[in-house]
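Asker: This structure is in structure tokens; I'll ask about it shortly.
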Protein chains: 2
Amino acid sequence: MQERVASFGFELKGQSGSARLGLLTTPHGVVRTPAFMPVGTVGTVKALYFDQVKAAGADIVLANTYHLMLRPGAERVARLGGLHTFMRWDGPILTDSGGFQVMSLSKIREMSEEGVRFRSHIDGSRHMLTPERAVDIQCLLGSDIQMQLDQCIELPAERREVERAMELSLRWAERAKRVFETRAAPGQALFGIVQGGTDEELRQRSADALVGMDFPGYAVGGLAVGEGQELMLRTLDGVLPRLPTTKPRYLMGVGTPSDLIKSVQRGVDMFDCVLPTRNGRHGLAFTWNGKVNLRNAIHAEDTSPLDPQSSCPAARDYSRAYLHHLIRSGEFLGAMLLSWVNTAFYQELMAAMRVAIAEDRFDAWAEETLSKIE
Amino acid sequence: MQERVASFGFELKGQSGSARLGLLTTPHGVVRTPAFMPVGTVGTVKALYFDQVKAAGADIVLANTYHLMLRPGAERVARLGGLHTFMRWDGPILTDSGGFQVMSLSKIREMSEEGVRFRSHIDGSRHMLTPERAVDIQCLLGSDIQMQLDQCIELPAERREVERAMELSLRWAERAKRVFETRAAPGQALFGIVQGGTDEELRQRSADALVGMDFPGYAVGGLAVGEGQELMLRTLDGVLPRLPTTKPRYLMGVGTPSDLIKSVQRGVDMFDCVLPTRNGRHGLAFTWNGKVNLRNAIHAEDTSPLDPQSSCPAARDYSRAYLHHLIRSGEFLGAMLLSWVNTAFYQELMAAMRVAIAEDRFDAWAEETLSKIE
């Protein structure tokens with residue numbers, strides 16, 4: 001158990017090129033960065049016990065405001081003692097604002113200056129998400145790190161449309177910050193989100209304006225939505241130098257192991273993505289020798305484990321033949337074991353990056369690792 | 001780890017009324033009876049790690065010949081080192097013969113004196129199951145206790161039809177025994193299965209004939225298929241006195257906690273059933289205070305656990321509100337936790353029965369327990 005502190009902080013511990021080693025302090029403990037946050041969408045990292053998530057090396061998890069506000073409801077979570085107590089995770093929690101999922105999951109929605117009005121994808125009930133309500137909900141959940149409500153748009157889009165959404169997101173950032181300062185508990189933090197699509201000038205205007213508002217951390221949103229890795233990295237190259245080196249940078253919804261390595265190389269500190277658990281459920285394992293699709297017949301009589309050196313029992317102790325059988329049979333245990341394998345691999349990957357930064361050999365490590373896993 | 005012995009045995013350790021306390025010895029260890037065998041259909045107890053099954057107190061698990069012969073295939077399991085190695089369970093395994101599932105799962109089948117020809121419900125491939133092939137498959141799997149192939153029929157049925165199936169099952173028992181004796185590994189056992197529907201005379205003829213063949217254990221099959229508890233118990237009352245007291249009695253596919261208690265009270269030693277895991281996946285928990293349907297809204301804000309006294313972390317450490325949320329959300333963790341709760345409860349129930357028999361107060365214990373859980 002890490003000591004509980006009622007203040008938020010970020011300390012840079014080392015650097016290797018642009019890659020950064022840091023420590024993020026939250027009311028529920030310390031996060032070693034660069035960090036990958038397993039996604040606990042509705043209050044559970046799918047097919048895993050939180051003990052496994054913790055043992056895999058995760059310091060922090062992400063939960064989705066959109067899902068939790070609809071079910072079981074933010075007020076209900078608060079009455080049940082907050083999200084940490086409800087889902088039995090006593091480490092730091094970051095929550096998104098719900099904006100992205102309103103766009104991707106709710107078919108019926110109406111955007112205005114005020115916020116976004118939408119219907120639940122679960123039961124059709126009507127809801128309104130404003131910058132203020134998003135902060136309220138995240139306060140009710142009790143998350144350590146909140147995200148401002150932003151407007152996510154689908155790419156490609158007209159520049160004018162991207163600009164309009166980016167500017168709306170800036171006005172929402174101000175509103176979020178104002179209400180957050182009156183309502184948040186000590187030590188909780190609110191991050192601003194840089195928007196602007198893949199347009200360098202828009203991204204930089206967004207970043208500069210947010211930095212002017214002085215957030216304790218900055219996220220880069222609206223990437224990894226189909227633009228491709230090259231364009232994503234080029235966008236990061238434009239944005240990251242505008243952000244203060246003293247604050248954590250969080251690249252939202254990213255990504256593959258290669259995405260993580262190349263983004264850390266550019267100075268990103270935090271990530272979240274459903275890839276390790278979603279791919280696990282579909283039979284795809286991440287290993288230090290690349291991806292392994294356990295549905296393939298080649299594994300049917302392979303008694304070797306995925307990785308005899310792994311710290312994860314699921315990767316070390318179970319034969320590929322058994323994993324293949326479980327996945328082909330659609331068994332729970334297949335999803336459980338491979339979500340575990342991938343969650344552990346992502347944490348091993350982050351731990352290896354932190355070591356490479358501490359030893360100031362990140363670029364060499366990255367080159368070598370990318371050649372093995374890609 | 002229990003010592004490996006290459007012989008099968010059953011020792012009666014105590015009795016309370018007709019309820020029996022015993023020890024079953026197999027090549028993979030000892031089974032305390034009365035015993036409930038969690039069902040690992042295709043080589044996994046659904047939504048559980050085998051470590052949890054073991055820690056819950058299960059000494060033995062059941063696996064389904066029908067499922068495993070179709071996928072991954074018995075020969076493949078043998079090449080992979082046998083079922084114990086394949087699924088990573090080093091305790092005793094009982095396999096059924098496949099007969100029951102051919103009837104319930106394969107839509108296209110043709111019964112003859114020779115055996116049953118059928119098509120796989122997975123891919124339509126053609127297969128033939130004979131008494132000899134069922135033994136062969138179970139030898140390839142390496143199960144500690146095999147079941148003879150029998151013909152299961154749907155009830156209600158004409159007496160003549162029940163009689164015909166029972167007599168065919170007896171001829172198959174002889175054929176199974178003959179081939180088993182030439183092919184089984186030391187210490188493996190083959191059980192005969194008493195058939196005859198709910199007809200007392202047919203059941204007794206079946207039991208007497210099987211006893212004449214001298215099996216090391218006897219199963220009662222074809223019950224708990226919709227005839228109701230009263231008729232099931234009346235049938236047991238007719239059969240059990242015909243079986244030798246020195247051999248274990250196994251009531252196949254049974255049942256609810258009440259079924260188990262009342263059957264143990266009549267002298268049954270072994271059970272298997274999908275109820276704890278299937279009900280768990282559907283949100284129904286078994287506890288010492290009866291069944292709890294976690295889908296019900298009454299649990300939505302209940303911070304109490306299912307059973308603070310339970311030996312099972314899932315019953316003890318998680319709030320009903322969280323379990324309710326997980327089940328309502330269709331999350332893996334809901335199925336995982338409630339399958340765990342129920343598997344542990346069934347083992348606690350068997351352990352309590354064993355104590356009550358050892359202390360020769362089974363009837364009093366049964367009355368008190370039934371009044372709480374029904």
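Asker: Using a 10 Å cut-off on Cβ to Cβ distances, tally the other chain neighbours for every residue of A:138-149 and report the average as a whole number.
Answerer: 0
Asker: Continuing with the same structure: Give, in nm to one decimal, the length gained when the segment between A:Lys107 and A:Leu155 is fully stretched (0.36 nm per residue of separation minus the Cα-Cα distance).
Answerer: 15.5 nm is the gain from fully extending A:Lys107 to A:Leu155.
Asker: Right, here's the next one. Looking only at the range A:65-206, where both bridge partners belong to it, what percent of the DSSP beta bridges are antiparallel (to the nearest 5)?
Answerer: 65
Asker: Treating the point 7 Å from Cα along Cα-beta-carbon as the label, what are the nm separations from B:Ala297 to the other copies, to one decimal?
Answerer: In nanometres, ordered from closest: 5.3.
Asker: Got the relative contact order for the range A:105-201 handy, in percent, Cα pairs under 8 Å and 6 or more residues apart?
Answerer: With pairs under 8 Å counted, the relative contact order is 26 percent.
Asker: May I pose another question? Can you list, shortest first in nanometers, how far A:Asp363 lies from the same residue in the other copies, with each label 7 Å from Cα toward Cβ?
Answerer: 8.7
Asker: A follow-up question, please. Quick check on chain A: helices-only [θ] at 222 nm, where DSSP H runs of length 4 and up contribute -39,500 (n - 2.57) each and the sum goes over total residues. Nearest 500, please.
Answerer: -12500 deg cm²/dmol, from helical runs alone.
Asker: For the range A:154-227 and the range B:276-331, what is the centre-to-centre distance using only Cα atoms, to the nearest Å?
Answerer: 41
Asker: Using R₀ = 35 Å, calculate the FRET efficiency as 1/(1 + (r/R₀)^6) where r is the Cβ-Cβ separation of A:Glu374 and B:His282; round to 0.05.
Answerer: Rounded to the nearest 0.05, the efficiency is 0.25.
Asker: Hey, in the GNM for chain A with a 10 angstrom Cα cutoff, which one of A:Leu68, A:Leu12, A:Leu140 fluctuates hardest?
Answerer: Per the Cα network of chain A with a 10 Å cutoff, A:Leu12 tops the list.
Asker: Mind checking the full-extension length gain between B:Val274 and B:Arg178? Use 0.36 nm per residue of separation minus the Cα-Cα distance, one decimal, nm.
Answerer: So the chain would gain 31.5 nm between B:Val274 and B:Arg178.
Asker: Let me cross-check A:His28: its accessible surface, 1.4 Å probe, with only protein heavy atoms counted, in Å² to the nearest 10?
Answerer: 40
Asker: How high is the FRET efficiency from B:Gln204 to B:Gln229, r the C-beta distance, R0 30 Å, rounded to 0.05?
Answerer: Given R0 = 30 Å and the Cβ-Cβ separation, E is 0.90.
Asker: Please turn the phi angles of the range B:59-74 into ³J(HN,Hα) values with the Karplus equation 6.51 cos²θ - 1.76 cosθ + 1.60 (θ = phi - 60°), one per residue in order, whole Hz, x for glycine and proline.
Answerer: Coupling constants for the range B:59-74: 8, 9, 10, 10, 10, 9, 4, 4, 5, 6, 5, 7, 7, x, x, 5 Hz.
Asker: Mind checking the mean number of beta-carbon atoms from other chains within 10 Å of the Cβ atoms in B:69-81?
Answerer: Taking the mean over all residues of the peptide, I get 3.
Asker: What number, in percent, do you get for the relative contact order of chain B if the mean sequence gap of Cα pairs under 8 Å and at least 6 apart is divided by its residue count?
Answerer: 18
Asker: Other chains near A:320-332: what is the mean number of their Cβ atoms within 10 Å of each residue's Cβ?
Answerer: Per residue, the average neighbour count from other chains is 5.
Asker: Then there's this: In whole percent, what relative contact order does the range A:218-374 give with Cα contacts below 8 Å and a gap of six or more residues?
Answerer: Rounded, it is 22 percent for the range A:218-374.
Asker: Mind listing the label-point distances from A:Ser125 to the same position on all other copies, shortest first, one decimal in nm, points 7 Å along Cα→Cβ?
Answerer: Ordered by distance, the counterparts are at 4.9 nm.
The values are calculated or read from the model by the stated rules, or taken from the named source; none is laboratory data. Because the structure is a prediction, the values reported are computed rather than measured. Reconstructed Cβ throughout: ideal geometry from the backbone, glycine too, with neighbour counts over all protein chains shown. Surface accessibility is based on the protein's heavy atoms, side chains included, excluding ligands, DNA and RNA. Shrake-Rupley method; radii C 1.70, N 1.55, O 1.52, S 1.80 Å.
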